[in-house]
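S.K.: I have a structure I would like to understand better, so I am pasting it below and will then ask my questions one at a time.
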Amino acid sequence: MLAVNDYLLVGTFEHGLDLLNIASGKVVRNFRMGNGGNDLSSNFINKIFHTSNGDIIICTANSVFRFDLQQQLFYPERKLPENVFYSAITEDSNGTVWIGTHNKGVFYLNRKDAGSLKLGADINKKISNTRILYLMAEGADKLWVCTIDGLYLINFKDQNFKYFSEITGLPSNIVYSIIQDDSKNYWIPTSQGLAYMKKTTGNITVFRQHNGLLNNQFNYQSAFKDQKGNIYLGSIKGLIKFNPSSLHSSSYIPPLYITSLQHPGVNLERNKIGNIRSLLTIRHVRLKHDQSTFNLEFTALNFTDPIDIEYAYKINNSEWYQIGNTRKLTFTNLSTGKYTITVRSTNGTGAWMLNEKSIDITILPPFWKSSIAYLAYAIISGLILYLFFKAFSKRQKQKHQYKMDLFMLNKEKELYQSKMEFFTNITHEIKTPLTLIKVPLEKISNNIHELPQFEKHIQIMNNNADRLFDLTNQLLDFRKIETEHYKLYLSETDIANIIRETWERFLPVMEQKSIQGKLIMPNEPVMILADKEAMVKVISNLVNNAVKYCENKIIIELKELSLKNSLCISIKNDGTLIPQQFREIIFDAFIRIGNTKTSGTGIGLSLVKSLVELHRGTIVYHPEEKFNIFVLTLPKSL
């Protein structure tokens, strides 16, 4: 509606424009859409506006017209596009008319030109994709745009805009209109209540039906302020009138209480504390690691406007997070640590109060993350490192010892080779003169009857010469085996006969030493494939060894092992048992156990073992009761 002189222009949604005489209250004329050049093009009248220069502008569902009241003619505004739903209009202090549309943005109209609002791609896109319900110019630099998607404040001077919505405190994003009171503060009717915005701070207070309004939903473009400062707002249930200067803000600070802390399976209010009064006084809670998901409930006591109470919270020193009128916070899987949760609220007018309440919550670590666990980890890690370095050190010592042993072994081999070369060289040097001595000695022995007074001495010389000759041969044979130049001359050999002949050779010595001997063997021959000379050396060395070291008893036994096609020769003596530490090396070369009663070179048993192994046999030593036993095992055929 628009009052001009004596007339009242009334726009309708379906029946065009009515012209009423204010004095008579009668409709003088009804204007509807027609085909003439000065007729309306739509019966849907959205807005009638009187500009500062006296023009009457009518916004319809598809065009904008200037109305000449005196001639009662309509002139279409050719500078603006047709077939656009024009829904809102206002004028700034510079005389520029701003016209809003549905889904086409905002257009301007002045004496010079007309066009669309072009502020920036972002704001142009937002306003062009929504329905504009109301426009209000504030001075020459600001334009308020009310839409179904929120409220925009466009600042032409700074070339930017601000956006207000439910997120920033409006009761609804559908904003029907906006009006400024005498204190320059803003009143904003929406579909869910009336918002009051303080100009200086931008704080928003919401009023709803429980605050005294007829209802929460207002109507399109139904806002007016008279000269006395009274504001009139149209709602779906009637007209609301109030004077902002007569309204007084509440100074009441509602007390805020934390009422319960809950996590799955446990309600701290009921199970831990027992009653709300006790819970209200608690300031610190300790929770296990599996209780890190919990709900925290709180409430501010306001019995006049409890629905309008809004809440905000922060954790530790974070910024405030507004959560509306929700009275519960849910925290999920908080990490181990200490948290201070602080909540605050508004009063019924939407002002934030200094009624903060805090609670300290400690989430305890699981056992495997506790201080004791970390101490245990440190001890175990230290022990592992200790064992590692100890094993490493032991390994290094073993490597060093291995190198030392290898070095000593090589040295021993070198010494052994030196000994063998020395003895071999000496043997070769001795053997020639020894042969020259033995030949004349044998001639003298053959004619001993001519020198009977020297018979005993010649016999001793002959025996020692034979002994020395045997030793040189053993050394040479041993050297041949060591250098792999010793060859076996195999033939069918009666081993029983070799044992018997060797036994008979040692009988005089055994009788001289009062040694009891026992020979156990079959009467018939025992044939094997062997080197006869090598077998004689083997048996002779073993018998000689037994004679030298026994006390008074020697037993030699020969038996055949039919299942294995081999034979076994055991030679026992009742001499001092070989010490444990020498039993594994008794067959090594140059090993002497330390018996000072007898003489020897230390190569006899080593030579025996080498010859036996050449025949693929074995020789072992083992003690039995009071006997030293050497067991020789030989195959009958190679």
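The values are calculated or read from the model by the stated rules, or taken from the named source; none is laboratory data. Predicted, not measured: the structure shown is a model, and the values here were computed from it. Cβ atoms come from the backbone with ideal geometry, glycine included; neighbour counts cover every protein chain shown. Please note that ligands, DNA and RNA were not included when accessible areas were found on the heavy atoms of the full protein model with its side chains. Shrake-Rupley method; radii C 1.70, N 1.55, O 1.52, S 1.80 Å.
S.K.: Restricting the first residue to the range 237-263 and requiring it to be of a type in the set (D, E, K, R), which pairs with a second residue that is outside any strand (DSSP E or B) and open to solvent by less than 40 Å² (accessible area, probe 1.4 Å) meet a Cβ separation below 8 Å and a spacing of at least six or different chains?
M.R.: Correct list of pairs: Lys237/Asn215; Lys241/Asn230.
S.K.: Go through Thr101, Thr205, Thr200 for me and flag whichever is under 27 Å from Ser250 (Cβ atoms), part of a strand (DSSP E or B) and of a type in the set (S, T, N, Q).
M.R.: Numbers: Thr101 fails: under 27 Å from Ser250 (Cβ atoms); Thr200 fails: part of a strand (DSSP E or B).
So the residue among Thr101, Thr205, Thr200 that is under 27 Å from Ser250 (Cβ atoms), part of a strand (DSSP E or B) and of a type in the set (S, T, N, Q) is Thr205.
S.K.: Here's a check for you: in the range 565-593, which residue that is more than 22 Å from Phe506 (Cα to Cα) and part of a strand (DSSP E or B) is modelled with the highest pLDDT?
M.R.: Leu567
S.K.: Next question. For the range 385-416, which positions are over 30 Å from Asp588 (Cβ atoms) and open to solvent by less than 100 Å² (accessible area, probe 1.4 Å)?
M.R.: Matches in the range 385-416: Leu385, Leu387, Ala391, Ser393, Gln396.
S.K.: Within the range 324-359, which residues are under 42 Å from the mean Cα position of the chain (by Cα), outside any loop (DSSP other than H, G, I, E, B) and at pLDDT below 90? Let's see the steps before the verdict.
M.R.: As a first pass, look at the range 324-359 and keep what is under 42 Å from the mean Cα position of the chain (by Cα): 324-345, 356-359.
Okay, now just the ones that are also outside any loop (DSSP other than H, G, I, E, B), so 324, 328-331, 337-345, 357-359.
Answer for the range 324-359, where residues must be under 42 Å from the mean Cα position of the chain (by Cα), outside any loop (DSSP other than H, G, I, E, B) and at pLDDT below 90: just Gly324.
Residue by residue, here is whether (1) in contact with a strand residue (DSSP E or B) (Cβ under 8 Å, 6 or more places away or on another chain); (2) under 13 Å from Val64 (Cβ atoms); (3) in contact (Cβ under 8 Å) with a residue 40 or more places away in the chain holds:
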position: Thr90; (1), (2), (3): yes, no, yes
position: Asn94; (1), (2), (3): no, no, yes
position: Val97; (1), (2), (3): yes, yes, yes
position: Gly100; (1), (2), (3): yes, yes, yes
position: Tyr108; (1), (2), (3): yes, yes, no
position: Ala121; (1), (2), (3): no, no, no
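S.K.: Still on this model: From the list Ile426, Ile444, exactly one residue is aliphatic (A, V, I, L, M), surrounded by 12 or more Cβ atoms within 10 Å (Cβ to Cβ) and modelled with pLDDT under 70. Which is it? Steps first, please.
M.R.: Working: Ile444 fails: modelled with pLDDT under 70.
The conditions single out Ile426.
S.K.: Go through the residues of the range 254-275 one by one and say whether even a single one is within 30 Å of Gly348 (Cβ to Cβ), open to solvent by 90 Å² or more (accessible area, probe 1.4 Å) and at pLDDT below 85.
M.R.: The answer is no, given that none of the residues of the range 254-275 is within 30 Å of Gly348 (Cβ to Cβ), open to solvent by 90 Å² or more (accessible area, probe 1.4 Å) and at pLDDT below 85.
S.K.: Moving on. Assuming Ile148 fulfils every condition listed in (1) out of contact with any Lys or Arg (no Cβ under 7 Å at 6 or more places or on another chain); (2) open to solvent by less than 70 Å² (accessible area, probe 1.4 Å); (3) under 24 Å from Tyr186 (Cα atoms) apart from one, which condition is it?
M.R.: Of the numbered conditions (1) out of contact with any Lys or Arg (no Cβ under 7 Å at 6 or more places or on another chain); (2) open to solvent by less than 70 Å² (accessible area, probe 1.4 Å); (3) under 24 Å from Tyr186 (Cα atoms), the odd one out for Ile148 is (1).
S.K.: If you take the residues in the range 147-169 that are among the aliphatic types (A, V, I, L, M) and part of a loop (DSSP other than H, G, I, E, B), which one is modelled with the highest pLDDT? Reasoning before the result, please.
M.R.: Within the range 147-169, the subset among the aliphatic types (A, V, I, L, M) is 148, 151, 153-154, 167.
Filter once more, keeping what is part of a loop (DSSP other than H, G, I, E, B): 148, 167.
Numbers: Ile148: 96, Ile167: 90.
For the range 147-169, the residue satisfying everything is Ile148.
S.K.: Further, regarding this structure: Name, by its number, the condition in (1) part of a helix (DSSP H, G or I); (2) at pLDDT below 75; (3) under 25 Å from Val612 (Cα atoms) that does not hold for His485.
M.R.: Failed condition: (1).
S.K.: I would also like to ask the following. Taking into account only those residues within the range 31-50 that are among the small types (Gly, Ala, Ser) and closer than 21 Å to Asn103 by Cβ, which is surrounded by the fewest Cβ atoms within 10 Å (Cβ to Cβ)? I'd like the intermediate steps shown before the answer.
M.R.: Going through the range 31-50, the residues among the small types (Gly, Ala, Ser) turn out to be 34, 36-37, 41-42.
Of the ones still in play, those that are also closer than 21 Å to Asn103 by Cβ are 41-42.
Values: Ser41: 16, Ser42: 19.
Among them, the one singled out is Ser41.
S.K.: Scanning the range 513-535 for residues that are more than 20 Å from Tyr489 (Cα to Cα) and among the small types (Gly, Ala, Ser), which turns out least open to solvent (accessible area, probe 1.4 Å)?
M.R.: In this case the residue turns out to be Gly517.
S.K.: Restricting the search to the range 51-76, which residues are of a type in the set (S, T, N, Q), open to solvent by 50 Å² or more (accessible area, probe 1.4 Å) and under 24 Å from Ala137 (Cβ atoms)?
M.R.: Keep residues of the range 51-76 that are of a type in the set (S, T, N, Q), which gives 51-53, 60, 62-63, 70-72.
After this cut, where a residue has to be open to solvent by 50 Å² or more (accessible area, probe 1.4 Å) as well, the list is 52-53, 70-71.
Hits for the range 51-76 are Ser52, Asn53.
S.K.: Right, another one. Suppose we filter Ser222, Ser172, Ser183 for residues that are more than 28 Å from Tyr311 (Cβ to Cβ) and either open to solvent by 70 Å² or more (accessible area, probe 1.4 Å) or not in a strand (DSSP E or B) (or both); which single one remains? Before you say what the answer is, go through the steps one by one.
M.R.: Values: Ser222 fails: either open to solvent by 70 Å² or more (accessible area, probe 1.4 Å) or not in a strand (DSSP E or B) (or both); Ser172 fails: more than 28 Å from Tyr311 (Cβ to Cβ).
After applying the criteria, what remains is Ser183.
S.K.: Right, something else. Note down all Cβ pairs under 7 Å where the first residue falls in the range 615-638 and is more than 19 Å from Asn544 (Cβ to Cβ) and without any contact (Cβ under 8 Å) to a residue 60 or more places away in the chain, the second is of a type in the set (A, V, I, L, M) and open to solvent by 30 Å² or more (accessible area, probe 1.4 Å), and they're at least six residues apart or on different chains.
M.R.: Listed pairs, sorted by first residue: Arg616/Leu638; Pro623/Leu577.
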